[in-house]
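Below is one structure, written out as structure tokens; the observations come after it.
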Amino acid sequence: MRFTKDHEWVALVGDVATVGITAYAADQLGDVVFVEVPAVGKTVKQGDGFAVVESVKAASDVYAPIGGEVVEANAVLTDAPETVNTAPEAGGWFARIKVADPAQVEALMDRDAYEAFLSTL
């Protein structure tokens, strides 16, 4: 699993990456009440907003940590957005993206680097 400074995570299997927000981000948002996932077939660029998460506190964009084509969106979040809070780094994923450039994944932080980053916040 790899991480961004914007608190997104990427888990790569072959050339498809599952993408979500970290437990830290879910905790900061509070209770998630709505999630807008990207459409299957959408091409996203690294850094572009590709999903929206709304909580009792605020609405936030979720930025694509890597570029590629959305091949699956997590339909569970439509009816159970709270999954983002209960399982942010598992069942609360947002989308699966066919990776355009594997080097983008490698450039992200590993868990140790992400934990070190969190300690500076």
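The values are calculated or read from the model by the stated rules, or taken from the named source; none is laboratory data. Predicted, not measured: the structure shown is a model, and the values here were computed from it. Every residue, glycine as well, gets a Cβ built from its backbone with ideal geometry; the counts of neighbours run over all protein chains shown.
Out of 97, 66, which single residue is modelled with pLDDT of 95 or more, surrounded by 14 or more Cβ atoms within 10 Å (Cβ to Cβ) and in a strand (DSSP E or B)?
Going through 97, 66 in turn, the sole match is 97.
Go through the range 3-47 residue by residue and tally those that are assigned to a loop (DSSP other than H, G, I, E, B), of a type in the set (A, V, I, L, M) and in contact with a helix residue (DSSP H, G or I) (Cβ under 8 Å, 6 or more places away or on another chain).
Qualifying residue count for the region: 1.
Considering only residues of the range 75-94 that are part of a helix (DSSP H, G or I) and of a type in the set (A, V, I, L, M), which is farthest from residue 30 (Cα to Cα)?
Within the range 75-94, the subset part of a helix (DSSP H, G or I) is 76-79, 83-86.
Restricting the remaining residues to those that are of a type in the set (A, V, I, L, M) gives 76-77, 84.
Values: 76: 19, 77: 16, 84: 10 Å.
Checking each candidate, the answer is 76.
Kindly provide the set of residues from the range 4-40 that are at positive phi and either surrounded by fewer than 19 Cβ atoms within 10 Å (Cβ to Cβ) or among the aliphatic types (A, V, I, L, M) (or both), ordered by number.
Pass one, the range 4-40, residues at positive phi: 7, 14, 30.
Hits for the range 4-40 are 14, 30.
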